[in-house]
1. Would it be correct to say that Phe160 is more than 14 Å from the chain's Cα centre (by Cα) and part of a helix (DSSP H, G or I)?
2. Just give me the residues in segment 206-250 being of a type in the set (Val, Ile, Thr) and over 27 Å from Arg117 (Cβ atoms), in sequence order.
3. In segment 178-194, what residues are part of a loop (DSSP other than H, G, I, E, B) and buried (at least 18 other Cβ atoms within 10 Å of the Cβ)?
4. Would a scan of segment 36-52 turn up a residue that is at pLDDT 85 or above and surrounded by fewer than 14 Cβ atoms within 10 Å (Cβ to Cβ)?
5. With respect to Ser84, determine if the residue is out of contact with any strand residue (DSSP E or B) (no Cβ under 8 Å at 6 or more places or on another chain) and of a type in the set (S, T, N, Q).
6. Pull up segment 195-215, narrow it to residues that are in contact (Cβ under 8 Å) with a residue 40 or more places away in the chain and in a helix (DSSP H, G or I), then point me to the one that is farthest from Ala92 (Cα to Cα).
7. Please tell me if Pro64 is over 16 Å from the mean Cα position of the chain (by Cα), surrounded by fewer than 19 Cβ atoms within 10 Å (Cβ to Cβ) and either at pLDDT 95 or above or more than 23 Å from Val143 (Cα to Cα) (or both).
8. Going residue by residue through segment 158-165, is there one that turns out to be within 30 Å of Arg117 (Cα to Cα) and of a type in the set (Ser, Thr, Tyr)?
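The values are calculated or read from the model by the stated rules, or taken from the named source; none is laboratory data. Everything quoted here is computed from the prediction, not taken from an experiment. Ideal geometry is used to build each Cβ from the backbone, glycine not excepted, and the neighbour counts take in all protein chains shown.
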Amino acid sequence: MSKAPLDGWDASTRIGVVVPHADVGPEAELQAMAPSSVSIHGSRIHFAAMRAGGEMDEKIPHDPVRAFVEPPFLDQAVELVAASPLHALALAFTSSSYVLKAKGEEELYERLAPVTRGLPITGTTVAARAAFRALGAHKIAIVNPPWFDDVLSQQGADYFGEFGFDVVHHGPCGLPSNQKAITPTNLSAWIRTTVAAHQPDAVLVAGNGIRAVGTIKPLEEELGFHVVTANQVIMWHALHLADAAHVAAGITDYGHLFSTKP
């Protein structure tokens with residue numbers, strides 16, 4: 001007797017993710033990494049710097065970056081997705097934590113706690129910090145999306161510096177400021193030619209809207225340092241928060257990170 005195909009209801013681990021309204025990147029990359037036992041469930045909120053079709057402003061203004069995480073819209077989105085039968089939640093955006101800094105980010109998660117229905121919650125920068133520590137990485141490089149300006153990039157370096165990491169390189173990557181124009185090939189070339197010489201222990205490709213998970217395994221094999229990306233780290237961290245470490249360990253095509261524990 002043949003086995004019935006999986007239909008999504010069979011997932012033993014269900015991860016909720018909050019994403020900007022027109023951004024297909026996080027859910028696409030998370031689902032690509034997820035084995036059949038994991039399902040991804042999204043909730044969307046408006047982001048003023050993003051237009052239909054995932055088009056971004058040339059450089060995103062800072063006011064919308066901060067407004068994105070202010071109440072009530074983020075709180076409502078988290079509450080809605082937390083009402084589903086999930087095991088963990090993830091916030092799939094990076095720049096807001098850069099602007100909030102360490103203290104502001106801590107206050108954000110404290111504010112969201114009452115609407116998460118007791119579910120564990122992570123986000124890109126929280127997960128990235130856990131990933132660096134799990135990998136034993138102290139010297140880090142940060143590759144930001146081209147729609148981050150130099151000020152926002154510096155805020156990102158300052159954020160990780162607050163937690164004791166030595167940021168040996170940071171900056172917006174020199175690629176077109178268009179999500180659809182960034183590919184694993186041209187992103188890998190940028191990391192290879194611009195970042196590798198700084199000899200980091202690990203490089204973070206920040207920004208959940210940048211197409212990046214396809215760069216991880218080939219670059220780690222070629223360059224000899226760890227490569228982590230925004231959507232990879234939230235998948236890894238959310239799985240561990242959901243008590244699905246065995247699932248994370250079974251993901252073998254997206255970098256050394258999945259073989260580690262927070």
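1. Yes, satisfied.
2. Listed by number, the residues that qualify are Ile210, Val213, Thr215, Ile216, Val227, Val228, Thr229.
3. Matches in segment 178-194: Ile182 only.
4. Looking through segment 36-52, at least one residue is at pLDDT 85 or above and surrounded by fewer than 14 Cβ atoms within 10 Å (Cβ to Cβ).
5. no
6. His198
7. no
8. So far as segment 158-165 goes, yes, one or more of its residues are within 30 Å of Arg117 (Cα to Cα) and of a type in the set (Ser, Thr, Tyr).
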